[in-house]
Structure formats: structure tokens, C-alpha cells
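Structure first, then comments.
Please treat every number below as a calculation from the coordinates, not as lab data. Since the model is a prediction, treat every value here as computed from it, not as a measurement. When we count neighbours, we look across all protein chains shown, and the Cβ atoms used for this are built from the backbone with ideal geometry, even at glycine.
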Amino acid sequence: MERAFTPLDCLLPAGNLKFCLLILNQPFSKDHFHCLWSKAALRACADGGANRLYHITEGSQDSFLPDYISGDFDSIQPEVKEYYKVKGCEFIETADQDLTDFTKCLQILQKKIEKKGLQIDVIVTLGGLGGRFDQIMASVETLFHATNITPFPVIVLQECSLIYLLQPGKHKLHVDTGLEGAWCGLIPIGSSCESVTTTGLKWNLSNQVLKFGTLVSTSNTYDGSGIVTIETDKPLLWTMAIQR
């Protein structure tokens, strides 16, 4: 079955996708923050993500209270923790050091979605693609965990980039929101992809192998049709630019 998805729908004020918002401990701008926050059905911070939320909403923090904050709390600043505690935000401690705060926060989020009976289409993660390279790779790895945690697609976006892990099969991506930047790519992280076929790109693939040391589709772009189709035999990371 072909999976149809509009990756940047969540950034449109009149977008149709229902989503939950998860904030990570990396700097992000206000570019799309207010739109994401106002539309989210549930809002969570992973540990130091609460610091980012607190400081970017300076002067109006009372209007931006997360539903919960989770983690081992080694990153959240004491004054930030105290502020959100006084405001009645839920704190959930997760001590497992084998999983990242992102992964653990996602596990809790899925349980909250089920408990509340929320009808959503996607989980949007803000942050995770900037700063330390090891933490960027940890964000990518969480997308692999996510397939066993939640049935919903998980996207990660920060500043001008988005990543989304495509599962084996056929995908139809709508890239006609007007927010798409010029570049896009397909990255075979985790394992090589033995057969990838695309349409809608300037440089399409036809039953080709994507593999580090062989071929990786970076700095690609669109053919103007507004739709990209991808068929892959293994998980494949889609990345795309966001206009700022």
C-alpha cells in the first residue's frame, strides 16, 4: 500500500494534519514555533528541551506550559524546573541510560496519546538536527526505535532541515506547500538499500542501490511536479529543506 504524506503540512496555519509536539534540548528559532505550538494536541519537553521552551518564550512563559517534561533531569536548569513545577506541569523521571531522552519521551508520549484517546496523524519533533554530531545521530537512531514505539510517523525538524524515516514500501510525498526549500535527499542510514526507485526528483533513481561508499542521494531537488514517489526495500531517511 502506498503511504501518502505531506511532510510540511504541520507548518501551515491552515494545515490538515493533527499532531503532537515534542521539544528537544537544542536551539530553535521562532520561525514556525508559534504555529506548531498552537496547533499541537499535546506538548512535551525532553529534559533540557524545557530550557529551550522557557527561554524562547521569555516574557510570556505562562502561555506556553508543556503537558509534561520527562528525562533524567541532568540538563534542565534548576530555575526552569522550579518554574514549571510551580505552574503544575507534570514531571516524569526516566533513569534508563541505554535510551536517549528523546526516545524515552516518545515512549511516554505514545502512552499519553492512547490514554487520552487522541486522534493524531504525526508526531512533530522540534530540535535534534543541530549542534553535536553524536546527538544528531542519536536523533536519527530514535527514528528507528520509533517504529516499535508508535504507529504514527515521526518527523524531526530544526531551522531549515527536516528528516523522516521511510519504511520499506511505496511512499507518495506531497512537496507543494510552498514552504519547501531547494534541496532534498535520500540517505541509506542503518543498512544499504538494494532497490530504490523515485519519481518527482531532478535526479531520479531507477531500481538503484543506495549505500555509503557506492551512492547516496544528497543535494537533490524537485522536478516541479509537487509530488515525489519513493519505493524502497529497506528503511531510508528522507531529508528536505524548509524555507525560512
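Annotations for the structure displayed:
- For segment 1-65, the list of trypsin sites (Lys or Arg not before Pro) that fall in a loop by DSSP and count at most 13 other C-beta atoms within 10 angstrom reads K30.
- Segment 1-105: C-alpha gyration tensor shape, a/c 1.5 cut-off, then a/b vs b/c: oblate
- By average C-beta atoms within 10 angstrom, highest first, the peptides 137-148, 155-166: 155-166, 137-148
- Residues whose amide H falls under 5 Å from that of Q243, counting only those 5 or more places apart or on a different chain, are E180, G181, with hydrogens built in the peptide plane.
- Straight-line cross-link partners of K116 among the aspartates and glutamates, defined as a Cα under 20 Å from its Cα and at least 8 positions apart when in the same chain: D67, E90.
- The residues neighbouring I56, those whose beta-carbon lies less than 12 Å from its own, together hold a net charge of 0 under the Lys/Arg +1, Asp/Glu -1 convention.
- Aspartates and glutamates with Cα under 16 Å of K30, excluding same-chain neighbours fewer than 8 positions away: E58, E159
- Rounded, prolate or oblate (a/c below 1.5 giving rounded, otherwise prolate when a/b exceeds b/c) for the chain by Cα gyration tensor: prolate
- Estimated distance in nm for a label pair at D74 and A41, the labels positioned 7 Å out from Cα along Cα-to-Cβ: 3.4
- Within the same chain, lysines fewer than 8 places from K202 are excluded, and of the rest, those with a Cα less than 29 Å from its Cα are K170, K172, K211, K234.
- Averaging the Cα positions of each part gives two centres, and for segment 129-163 and segment 177-244 these lie 17 Å apart.
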